[in-house]
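Presented below is the structure to which this report refers.
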Amino acid sequence: MLDSASAFTHDQNFGLHLGQTIELSSLGILGYVLLHCSTIEEVLAAYRRYNVILCSGIEIEWETSLRETAILFKVSDPARQVSRHAIEGMVSSLYHIILKLSCRNFVLNELRFAHEAPKESGEYINLLGINPMFKSSANLIRLDNEV
């Protein structure tokens, strides 16, 4: 459906733009829960718990080291083809949610996508502040723990 929406709107970055427009109020009960989290780690835990209701098929996990946290976006059924717009929309929405809830601007340390690069990639820098690595083994964002 997202591929059809991208074609209909002539927006090659439909998923990124859709994720950018996310408002906590549009998430219903999840938005309310996220607003009452004390830390971004609590936000991630709540997001993972309730994400099943919002977005079936893509799950988040995170790994924390001394300085950074990597948030991975995993397709729950590897046999299923997931649109690049779905993955990019989820990455973009979670990034923008973290921006809003942390009340600070931050730059991602790393952005990776498993899919191939689109024809134009400038929009990633405009919306996410970083140029991604494509054809990676995982879909992930990496950010400083201080966020």
Study note, to complete from the structure: Projected convex hull area of segment 83-128, Cα atoms, direction-averaged, in nm², equals 3.4 nm²
Revision key, fill the gap. On the accessible surface of the chain, probed at 1.4 Å with all protein chains in place, carbon and sulfur together account for a percent value of 52 percent
**Study point:** Nitroxide proxy distance, nm - points 7 Å out along Cα→Cβ at N131 and Q81
**Key:** 2.9 nm
Exercise for review: Taking every Cα atom in segment 40-84, find the radius of gyration and the maximum pairwise distance Dmax, and write them in Å.
Suggested key: 11.9, 34
Practice item. Report the semi-axes of the equivalent ellipsoid for segment 1-72 in whole Å, largest first, where each axis is √(5λ) for an eigenvalue λ of the Cα gyration tensor. Key: 26, 16, 12
**Study point:** Rounded Å value of the spacing that divides the Cα centres of segment 48-98 and segment 1-44
**Key:** 11 Å
Review point. Cα extents of the chain along the three principal axes, largest first, in whole Å?
Key: 39, 32, 30
Revision key, fill the gap. Taking a crude spin-label model, label points 7 Å out from Cα along the C-beta direction, the A46 to E110 distance in nm is 2.9 nm
Check your understanding: Under 16 Å from the 7 Å Cα→Cβ point of A117, by amide nitrogen: which residues of segment 124-147?
Key -> 124-126, 130-137
Point to revise | Whole-number percent relative contact order across the chain, with pairs defined as alpha carbons under 8 Å at least 6 apart | key: 28 percent
Exercise for review: Evaluate the distance, in nm, between pseudo-label points positioned 7 Å from the Cα of T39 and of N145 along their respective Cα→Cβ axes.
Suggested key: 1.0 nm
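The values are calculated or read from the model by the stated rules, or taken from the named source; none is laboratory data. None of the values given here were measured: they were computed from a predicted structure. Neighbour counts run over all protein chains shown; Cβ positions are idealised from the backbone, glycine included. Note: areas computed on protein heavy atoms with side chains; ligands, DNA, RNA excluded. Shrake-Rupley method; radii C 1.70, N 1.55, O 1.52, S 1.80 Å.
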